[in-house]
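As structure tokens, the structure follows; a few thoughts come after it.
The values are calculated or read from the model by the stated rules, or taken from the named source; none is laboratory data. Just so it is clear, the structure is predicted and the values come from calculations on it, not from any experiment. Glycine gets a Cβ as well: all are built from the backbone with ideal geometry, and neighbour counts include every protein chain shown.
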Amino acid sequence: MAHPPENDEDEGGRGVSRRTFLKTAGVGAAASSLAGVAIPAAGATVLGPGAAPLTLKVNGAARTVNVEPRVTLLRALRNHLDLTGAKEICDRGACGGCTVLLDGEPIASCLMLAADAEGHEITTVEGLGTPDAMSPVQAAFVEADALQCGFCTPGFVVSSTALLRKNANPSLEEVKDGLAGNICRCGTYSRVFEAVQKAAKASARPAAKRG
Amino acid sequence: MAQEQKPPEVPTVTYTVKAGHASNPQTMEVHAAQGDLKPWDLDSKLRVVKGRQPRLDGKYKVTGRAKYTFDISMPGMLWGRMVRSAVPAGQILKIDTSKAEALPGVKAVWTSDARTVRFAGQDVAAVAAVSPEVAEDAARLVQVTYDEASFVTDLEKAMADDAPLVYEPDKIPGPKDIPRKGNVLGPKPPGRGGSRGDVDKGFADAAVTIQQTYSVPTHTHSPLETHGVIAKWEGDQLTVWASTQGVFTVRDGMAEALGIDRKNVNVITEHMGGGFGSKLAPSASGSAFAVVACKLAKQAGAPVKLMLDRHEEHLCTGNAPSALMTVKIGAARDGSFTAVHYRSFGSAGIAGGAGTGGPAGSLHGKNPNLKIEEHDVFTNAGPAAPLRAPGHPQGAFALESAVDEVADRLGLDPLEVRRKNEASPVRLIQYDVGAKAIGWERRNKKPGEGAGPRKRGIGMANGNWYVIARGSGVGAEVRIHRDGSVEYFSGAQDIGTGFRTAMAMVVAEELGLKPTDVKPNVGDSRWPEGPGSGGSNTTNSVAPAVRLAAHDARMKLFALAAPGLGAKAEDLDAADGKIFVAASPGKSVAFKQTAAKMSGEVIAAVAERKKQFETYRQDLAGCQFAEVEVDTQTGVVRVIKVVAVNDCGFPINLLTTESQIIGAMIQGVSWALWENRVLDRNVGTMVNPNLESYKVLSSKDMFEAVPIVTEIANAGNNTSAAGIGEPCIVPTLGAVANAVFNASGARVRTLPITPDRVLAALAEARRS
């Protein structure tokens, strides 16, 4: 088996083919660590099954993590970078609790390997605002009480943010569509819709002034 | 529903209170413990309480900074993982952990002493390893050999004479004096409300009698944060971070299970991702995972984090029992009931407690003749746990569907039939409020009379709950610091209800501050004792203690302000950050300026609640109205609107109270239309242990939710608060089912109301 790159600077020779391989290796690694069998694709370099360093661009900063290739983006963020806003709730893309932005698009980070996220811009809920400087969406969630236990809330905040970036003034039906991938068990949907529409209005005001 | 305790005998003081609803005030006397305060009542001028305060922890939750148990990590921490039985019944012959132990990175292994398996998902073994991935590998390497036995997972099959026995007859859980046969225990003596009169005579007197059977499947709680803990030992001292509804329950449970003193156990729950009743046990109803985590941590000499996964959460952390309910109602021509016979069978899996008779015992109080019979049926499935008003949504669905059927038979307005039998003055007010909000007059006079294939209709149903409070043994502490900052301490946990914010509002009310001026400290067993969050009792048990502590601090501060204001402390009041002479508010001094006069660094006031007072009413009334659209070609039901009208005493924070009511309506609609735990009858395992085929309501299914609080000066404690988390889910299922009938003429008696059942009921309606 070939060795993983020694450090972050070793970008040469990595690229599509390596990432393509990692998709295979990541899935195979879980089995290979037990069964000792991994069949690499032709021409691929092998990473793992042990931990290997990866560089993730998270909330504007490059962060290095040393993870097994099978580790998901969600677990890399949570267990290796202490960015615990995104939650592992269903671990199969059904609940939206792990939603982060990948190059601006909302994705289920439990369904992506950390290695596949290399080279992309990742934004987590922590990158959207802070308790003392909340984003308009975050502030609207608090004001409308669009949360109860709050465990699903980071996922809803990220999905809502992505929705408003595409559609600055969504109708109620469009909000429902935009949040269709997120589950809340305490039952906050109607207040989430209210918060998203409030945030849309709040963001529209300065634009209107400029106009 | 726990924590009802007989109040200890304490010296009392009598207060005269203007209680009840503003439209119909009742003067009553309450007996408070000496030193306790007069309840806030209809005459109280409240500045903060009953307002709308966004939750104080909101900014941490929306930015991902709130640390739940699931989010906590610490240096050297190991990851625990349970191994669960793959078979539903039998004996464990061998647990071979040798391969798991040999895996690099595995630091501790635990195996269960129990050898009898009664459900798929029972605790068998556990591992702790250096990463979650290695722990998962190790768990898969544990080899368990079973001698499998026959089993039964289906409620009705378990009732058969020849069904495989879940327990040997002498091992069935439950009181020995209750009849038992096969897997069936009962009839059990009725709970609250009970039986009364003579139903045989009542049915003989009836002009019409209906009898129908209704059924509800098992639901799982499915909190989004799964059950889990982090256990850390420092010498004899154990700290447990727990996703729990009862930090003190976990403290006591760990101490007992591990044979250590309670004072050596500290439990912390700063933020908690939902429980709905499943997190009231020290570990969980069907797993001892928290105790196992403590043992693994001890064995490994390192902190262990053990969170269950979604699959486990469905199997062993509790569920709401299934129910098969037969309701017989006799009525006179005018709709007054002459008798109600309520008989239910239900399965809480391997546990008891499947009763659903609560609503029958409490609703329609003018009915003179009532008989309730409840039975537990044991099946090879994970044990139930209380789920949001245990048994009540199910029981109310059956009872309130039957009431609707009586009205239909008599050709009467279903709301009028309920008025006829109503004993609660509060619900009589709610009928008018709810009917107006939904536009009751818009309903079909003849079910299904709307034009076209997509038909709309409106239905309603009642619900009930109880004022449950821990009257004593609940404390709170309020501190005012020299710099004027204020904080309070309560060991009780905020499970997402907004408890921590509500308590800050109570402190702010007493001290004349804004809620944002008060720092909450909750969810830590080192702080004053509070109840487990069950029975809708947290706010109304803790708020009175918080108010007492805040009042004590207030009087200490007033004593510092009084000389400068030329008045006596008892003549002062506080508002807007100022302390002033009540009779001449112009004479005032700033709160902060007064705090700076204290002799030390802090004024600390600790208070303990001594007893619950008499209450305006012991029941909490509620009713709901639903509007639905039924596609009579496909059978698909869409909920358009639900109006909930509920009594919760005085709502401390109207904003978060409404959120709880909205959430209950959502969970209720979810049960009515989708949720259904499916066990494979051939292999005994769960078919849908996830969040996509265990379908819960999501954005696209969302309806217009209208929460209406009927404010009642309850007088049961010094804040007049009661509970809200549970009562507001009780009526929803029945309201939706009755609306489906009004829309389409389809009477669906089995939940969830799926398209196939709607089409079958429509065919049935056409035949008759």
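Things to note:
- Within the set B:ALA590, B:ALA604, B:ALA559, B:ALA595, the sole residue that is crowded, with 19+ Cβ neighbours inside 10 Å and either farther than 21 Å from B:LYS38 by Cα or modelled with pLDDT of 95 or more (or both) turns out to be B:ALA595.
- If you go through region B:675-695 and keep only what is part of a loop (DSSP other than H, G, I, E, B), hydrophobic (A, V, I, L, M, F, W, C) and surrounded by 19 or more Cβ atoms within 10 Å (Cβ to Cβ), you end up with just B:LEU691.
- Test: residue in region B:696-713 that is without any contact (Cβ under 8 Å) to a residue 24 or more places away in the chain, in the same structural domain as B:LEU673 (by TED's automatic domain parsing) and assigned to a helix (DSSP H, G or I): yes
- Some residue of region B:91-99 being surrounded by fewer than 17 Cβ atoms within 10 Å (Cβ to Cβ) and within 14 Å of chain A (Cβ to nearest Cβ): yes
- Residues that are more than 7 Å from chain B (Cβ to nearest Cβ) and out of contact with any Phe, Trp or Tyr (no Cβ under 8 Å at 6 or more places or on another chain) were ranked within region A:143-156; the one that is farthest from A:GLY85 (Cα to Cα) is A:ALA144.
- Condition check for B:ALA66: in contact (Cβ under 8 Å) with a residue 12 or more places away in the chain and not in a loop (DSSP other than H, G, I, E, B): no
- Residue, farthest from the other protein chains (Cβ to nearest Cβ), within region A:84-97, restricted to residues that are surrounded by fewer than 24 Cβ atoms within 10 Å (Cβ to Cβ) and in contact with an Asp or Glu (Cβ under 7 Å, 6 or more places away or on another chain): A:ASP91
- Residue, nearest to the other protein chains (Cβ to nearest Cβ), within region A:157-195, restricted to residues that are out of contact with any Phe, Trp or Tyr (no Cβ under 9 Å at 6 or more places or on another chain), assigned to a loop (DSSP other than H, G, I, E, B) and in contact (Cβ under 8 Å) with a residue 24 or more places away in the chain: A:GLY187
- Within the set B:THR516, B:THR594, the sole residue that is in contact with a strand residue (DSSP E or B) (Cβ under 6 Å, 6 or more places away or on another chain), in a helix (DSSP H, G or I) and polar (S, T, N, Q) turns out to be B:THR594.
- Unmet criterion (only one of (1) among the hydroxyl-bearing types (Ser, Thr, Tyr); (2) more than 30 Å from B:GLY277 (Cβ to Cβ); (3) modelled with pLDDT of 95 or more) for A:SER203: (3)
- If the condition is being surrounded by fewer than 22 Cβ atoms within 10 Å (Cβ to Cβ) and out of contact with any Lys or Arg (no Cβ under 8 Å at 6 or more places or on another chain), then region B:138-153 contributes B:ARG140, B:TYR146, B:ASP147, B:GLU148, B:ALA149, B:SER150.
- Residue check for B:GLY358: surrounded by 24 or more Cβ atoms within 10 Å (Cβ to Cβ) and in contact (Cβ under 8 Å) with a residue 12 or more places away in the chain: yes
- Test: residue in region B:44-52 that is within 11 Å of another protein chain (Cβ to nearest Cβ) and over 30 Å from B:ALA114 (Cβ atoms): yes
- Residues located in region B:154-177, provided they are modelled with pLDDT under 95 and surrounded by 17 or more Cβ atoms within 10 Å (Cβ to Cβ): B:ILE172
- Residue list for region B:507-537, filter: on the phi > 0 side of the Ramachandran plot and out of contact with any helix residue (DSSP H, G or I) (no Cβ under 7 Å at 6 or more places or on another chain): B:GLY535
- Yes/no for B:ALA549 being part of a helix (DSSP H, G or I), in contact with a strand residue (DSSP E or B) (Cβ under 7 Å, 6 or more places away or on another chain) and within 24 Å of B:LYS611 (Cβ to Cβ): yes
- Options A:ALA115, A:ALA195, A:ALA140; residue that is hydrophobic (A, V, I, L, M, F, W, C), more than 21 Å from A:ILE89 (Cα to Cα), in the same structural domain as A:LYS87 (by TED's automatic domain parsing) and buried (at least 24 other Cβ atoms within 10 Å of the Cβ): A:ALA115
- On the stretch given as region B:628-672, residues that are of a type outside the set (S, T, N, Q) and in a helix (DSSP H, G or I) total 13.
- From the list B:ARG479, B:ARG500, the lone residue that is under 24 Å from B:LEU560 (Cβ atoms), basic (Lys, Arg) and at pLDDT 95 or above is B:ARG479.
- Residue check, A:LEU73 touching a strand residue (DSSP E or B) at 6+ places or on another chain (Cβ under 6 Å), surrounded by 20 or more Cβ atoms within 10 Å (Cβ to Cβ), on the phi < 0 side of the Ramachandran plot and at pLDDT 50 or above: no
- In region B:178-205, the residues that are of a type outside the set (Lys, Arg), more than 13 Å from B:PHE345 (Cα to Cα) and modelled with pLDDT of 90 or more: B:ILE178, B:PRO179, B:GLY182, B:GLY197, B:ASP198, B:VAL199, B:ASP200, B:GLY202, B:PHE203, B:ALA204, B:ASP205
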